[in-house]
C-alpha cells in the first residue's frame, strides 16, 4: 500500500494518479508493493532526520529508508517540499514534475538502485527520466 503523509501544510494533489504511476513502476521493476510511506516535510524536518539517522549535516531533497524484503518494496520516503520547490526553479522544471522526479528517485532506492558512484548516478537519472516519460505518456492528460 502506498500512503502519503504531510508534516507541513503541503497537500498532495492527484493521489490516485500518483499511486497508479508508482504501482506501474513497481510492476516494471518486477517487484511487489509492500508498505510505502511518502512523507512530505520541510527543510528543517528533513535536516534533523539527516543528522539523526545518517550523521549528515547537509540539506537534501529526499531521504529513503528501505525496509524491502526480497521482491516486496517497503519503506519510508521523506521529501522536503521546500527543497523540491527550490530545485524546480534551479533546474527550470515545474514543481509537480520535480516532485515526481524526486518521488521516483526514492522509489528506485527501494528497488535497490544507488547514487553514490558516477555510474550509479547516471543509471538513477536514466531510471528517473523513464519514470517521468511513463507518467507524461500515460497519466498527464
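Where a number appears in this text, it was derived from the coordinates with a stated rule and is not lab data. The structure presented is a predicted model; accordingly, all values stated were derived computationally and were not measured. Glycine also receives a Cβ, built like all others from the backbone with ideal geometry; neighbour counts cover every protein chain displayed.
Tabulated data for the structure shown
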| read-out | value |
| --- | --- |
| Check on residue 78, touching a helix residue (DSSP H, G or I) at 6+ places or on another chain (Cβ under 6 Å), surrounded by 15 or more Cβ atoms within 10 Å (Cβ to Cβ) and farther than 17 Å from residue 24 by Cβ | yes |
| Enumeration of residues in the stretch 90-121 that are farther than 26 Å from residue 67 by Cβ and surrounded by 11 or more Cβ atoms within 10 Å (Cβ to Cβ) | 93, 95, 96, 97 |
| Residue match in the stretch 51-59 (condition: on the phi < 0 side of the Ramachandran plot and either assigned to a strand (DSSP E or B) or surrounded by 17 or more Cβ atoms within 10 Å (Cβ to Cβ) (or both)) | no |
| Among the candidates 56, 23, residue that is more than 14 Å from the chain's Cα centre (by Cα) and free of Cβ contacts under 8 Å to residues at least 24 places away in the same chain | 56 |
| Pick from the stretch 69-104, criterion part of a helix (DSSP H, G or I) and in contact with a strand residue (DSSP E or B) (Cβ under 6 Å, 6 or more places away or on another chain), ranking: nearest to residue 2 (Cα to Cα) | 102 |
| Filter pass, residue 12 being assigned to a loop (DSSP other than H, G, I, E, B), surrounded by 15 or more Cβ atoms within 10 Å (Cβ to Cβ) and touching a strand residue (DSSP E or B) at 6+ places or on another chain (Cβ under 8 Å) | yes |
